[in-house]
1. Quick one: would you say S128 is in contact (Cβ under 8 Å) with a residue 24 or more places away in the chain, under 20 Å from A204 (Cα atoms) and surrounded by 14 or more Cβ atoms within 10 Å (Cβ to Cβ)?
2. Somewhere in region 254-265, is a residue closer than 18 Å to V490 by Cβ, surrounded by 20 or more Cβ atoms within 10 Å (Cβ to Cβ) and either modelled with pLDDT of 95 or more or not assigned by TED's automatic domain parsing to the domain that holds V458 (or both)?
3. Go through region 301-319 and give me each residue that's in contact with a Phe, Trp or Tyr (Cβ under 7 Å, 6 or more places away or on another chain) and surrounded by fewer than 20 Cβ atoms within 10 Å (Cβ to Cβ).
4. Assess whether A472 counts as being at pLDDT 95 or above and buried (at least 20 other Cβ atoms within 10 Å of the Cβ).
5. Just give me the residues in region 135-157 being within 18 Å of A191 (Cα to Cα) and in contact with an Asp or Glu (Cβ under 7 Å, 6 or more places away or on another chain), in sequence order.
6. Residue check: is V239 closer than 26 Å to P384 by Cβ and buried (at least 24 other Cβ atoms within 10 Å of the Cβ)?
7. Does region 398-415 hold any residues that are out of contact with any helix residue (DSSP H, G or I) (no Cβ under 6 Å at 6 or more places or on another chain) and not in a loop (DSSP other than H, G, I, E, B), and which are they?
8. Please find, among L298, L284, L268, the residue that is assigned by TED's automatic domain parsing to the domain that holds A344, of a type outside the set (S, T, Y) and surrounded by fewer than 19 Cβ atoms within 10 Å (Cβ to Cβ).
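The values are calculated or read from the model by the stated rules, or taken from the named source; none is laboratory data. Only a predicted model underlies this, so the values are computations on that prediction, with no experimental measurement involved. Cβ coordinates were reconstructed from backbone atoms using ideal geometry, including for glycine residues, and neighbour counts include every protein chain displayed.
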Amino acid sequence: MIKVFSVAQMVAAEKAADAAGVSYDQMMETAGRGVAEAVMARQAVARKQVLVLVGPGNNGGDGLVAARYLSEAGAEVVVYLYRWREPDRDHHFARILEMRLDVVEAAYDPGYQLLRSHVARSRILIDSLLGTGVARPIGGELAQLMGQVKAGIAAHPTGQSGNERPFLTSVAQVGGDPQRHSAGDSLYRVAVDCPSGLNCDSGALDPLAFPAQLTVTFAGPKRGHFLFPGAAACGELVVADIDIPAELPEVAEVKLALADAAAAKRLLPQRPADGHKGTFGTALIAAGSSHYWGAPVLAARAAYRTGAGLVALAVPEKIRPTTAAQLSEATYPPVPDQEILGAASARVLLETVKAKSLLVGPGLGEAAEFLEALLAAGEQDGLPPLVVDADGLNLLSRMKDWPQRLPPNTILTPHPGEMARLMGIPLSDLKGEDRLELAAKQASDWGHVLLLKGAYTVIADPNGSAHILPFANPALGTAGSGDVLAGVIVALLAQGLGAYEAAVLGGYLHGAAGALASRSVGDAGLLAGEISDQIPAVRRRLLAS
């Protein structure tokens with residue numbers, strides 16, 4: 001499991017590792033080698049000029065180790081020191097001097113002419129000036145140095161490109177499908193642990209920070225790697241192992257983790273050869289109204305693409321012929337309501353459909369009576385594992401004591417606007433919150449599994465555990481995308497997964513399907529139904545990995 005650390009948690013983990021016999025010097029050597037290996041997996045470095053910006057602390061030491069490995073691989077390395085490092089106390093710097101690499105100290109470059117010249121000539125820039133401990137604005141001489149670098153990047157003769165952030169962040173996959181960059185690319189910018197100026201707890205970003213195309217972090221990502229605006233400065237994110245034992249209490253007790261491909265593969269439901277539609281469960285979807293015809297179909301199609309054995313689609317009578325024409329594979333339990341589901345429909349569905357999971361909400365409209373009746377019946381006789389999405393969340397937000405009325409561990413899937421309504425606060429107040437802390441707190445307070453949508457979706461369990469999804473893909477910002485996600489999750493519940501596991505895996509499958517589809521359509525123009533159609537391909541890739 002890839003843990004996501006706060007700065008204090010990372011400091012504690014490193015201290016514990018040192019006490020357990022993995023010295024700080026060993027960790028620095030491993031970290032620097034990891035940076036060099038990640039760079040070499042993405043760039044041909046032989047005879048290419050590499051500029052390594054070295055700060056005064058351990059982050060600078062990591063950069064020195066990376067410089068050594070890149071030089072040994074044939075790169076023409078220049079080491080630019082913000083402050084002199086004493087070779088008799090810093091054997092990593094001593095080895096750089098022994099190798100006779102080109103070393104420049106900022107104190108002997110008062111007008112930064114050498115710095116600007118090296119930035120202009122380099123093809124790879126490695127930023128190891130500041131590490132994860134930045135918590136205040138950058139000032140003084142370091143601010144001047146970073147300002148010169150930033151200006152040099154903008155004026156680089158090969159042209160200044162954008163951040164080039166990938167759709168699918170490559171985490172813990174050094175050597176596993178790296179994003180190769182050609183020699184003709186702009187100056188390739190690499191951050192050691194984090195771009196200098198990124199607050200690794202809050203995601204705040206200093207104006208002097210220069211965005212990276214590759215960030216190599218150590219032991220696990222930091223919270224700030226997934227919080228904006230800083231997240232947009234990290235580029236491709238790779239985690240390098242530095243041999244901190246996972247069984248250390250300081251690591252094991254970290255509650256936040258990353259949902260990577262390996263974790264998703266472990267959660268995939270079994271598909272026995274002698275299985276049948278009963279084996280893979282019936283998902284009941286109560287959705288749609290006379291104003292919203294498409295949402296039920298999107299959710300049901302996604303549920304089938306995710307492996308549900310049978311999908312029962314309960315929609316008002318008026319839209320039933322239209323939805324049935326679009327998805328003939330579903331069954332359509334008869335309901336008495338014409339334009340919007342009501343209390344009578346709730347009673348009929350609970351009496352006639354024997355489902356293993358239930359989704360309420362996509363396109364449901366103003367169906368307050370339906371939801372009231374459904375929850376009232378559930379309080380007496382119980383409900384199948386429940387997902388509430390879209391209009392279902394809006395209806396909940398108007399109910400008194402709604403968290404207590406839901407079955408335990410109901411899955412709630414709000415986007416920020418719906419989240420604000422559930423909390424009873426303005427959306428503007430929500431935007432100022434730390435979304436990682438917010439999701440964990442509200443899941444605990446409400447007693448339900450919470451999937452808070454957005455770039456780097458957060459899934460939180462009432463027991464304090466939480467996962468971040470490694471996807472920030474604007475193509476997923478399209479109408480119906482959330483309906484698809486809800487359909488994926490309800491299908492996983494039908495196949496027997498627990499609520500938290502279904503939310504984590506469902507979110508991963510949805511995000512990975514969007515990433516796969518984006519390879520052909522780019523960052524705009526993706527249709528929600530096309531996300532569903534990629535889910536089987538994602539599942540095959542996971543099983544083959």
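1. Details: in contact (Cβ under 8 Å) with a residue 24 or more places away in the chain: yes; under 20 Å from A204 (Cα atoms): yes; surrounded by 14 or more Cβ atoms within 10 Å (Cβ to Cβ): yes.
Taking the combined requirement at face value, the residue satisfies it.
2. Just the residues of region 254-265 that are closer than 18 Å to V490 by Cβ, to begin with: 264.
From what is left, the residues that are surrounded by 20 or more Cβ atoms within 10 Å (Cβ to Cβ) are 264.
With either modelled with pLDDT of 95 or more or not assigned by TED's automatic domain parsing to the domain that holds V458 (or both) added as a condition, the list becomes 264.
So far as region 254-265 goes, yes, one or more of its residues are closer than 18 Å to V490 by Cβ, surrounded by 20 or more Cβ atoms within 10 Å (Cβ to Cβ) and either modelled with pLDDT of 95 or more or not assigned by TED's automatic domain parsing to the domain that holds V458 (or both).
3. Across region 301-319, the qualifying residue is only G309.
4. Details: at pLDDT 95 or above: no; buried (at least 20 other Cβ atoms within 10 Å of the Cβ): yes.
Spelling it out, it is not the case that A472 is at pLDDT 95 or above and buried (at least 20 other Cβ atoms within 10 Å of the Cβ).
5. I138
6. Working: closer than 26 Å to P384 by Cβ: no; buried (at least 24 other Cβ atoms within 10 Å of the Cβ): yes.
In short, no.
7. Q404, L412
8. Numbers: L298 fails: surrounded by fewer than 19 Cβ atoms within 10 Å (Cβ to Cβ); L284 fails: surrounded by fewer than 19 Cβ atoms within 10 Å (Cβ to Cβ).
Exactly one of L298, L284, L268 is assigned by TED's automatic domain parsing to the domain that holds A344, of a type outside the set (S, T, Y) and surrounded by fewer than 19 Cβ atoms within 10 Å (Cβ to Cβ), namely L268.
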